[in-house]
Amino acid sequence: MSSLIRLAEYRRQQRVVFFSRRELNQLLSLYSRRVMRGEWRDYAIDHRTGIAMFSVFRSSRERPLFSIAKRVPVTGPANEREAEYLLLNGRHRLRRTQALEDIIELLESGLRVVG
């Protein structure tokens, strides 16, 4: 059996999260400093339903060293939905915070992948 899907309702549920211009400037500034030190060489930005990810790589053939994710909850009124930021290493969550600046400070303090 087939079912009727109302596109307006479907699109409302499929919210895509983006980084703001200010957030992108902060992320790219951090990225450029680490590139100058020779630690990072590539990055990727992914936009998915409910989450935006900024991933950094040592080489384009490897998995990301770190991913910074911006997640916005789907439920609740729009003015109460605050983004949360996650610092990920593979499937491991290293940090979760309400401010992107906290994650940037952590990465600037010399956080590195060992191994």
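Quick notes on this structure:
- Applying the criteria of a DSSP loop state and at most 16 other Cβ atoms within 10 Å to the GluC sites (Glu not before Pro) of the stretch 1-72 yields E39, E62.
- Distance in nm between pseudo-label sites at E82 and R22 (7 Å out along the Cβ direction from Cα): 1.4 nm
No value in this document is a laboratory result; all are computed from the given coordinates. The structure presented is a predicted model; accordingly, all values stated were derived computationally and were not measured. Here Cβ is always computed from backbone atoms with ideal geometry, including for glycine, and neighbour counts include all displayed protein chains.
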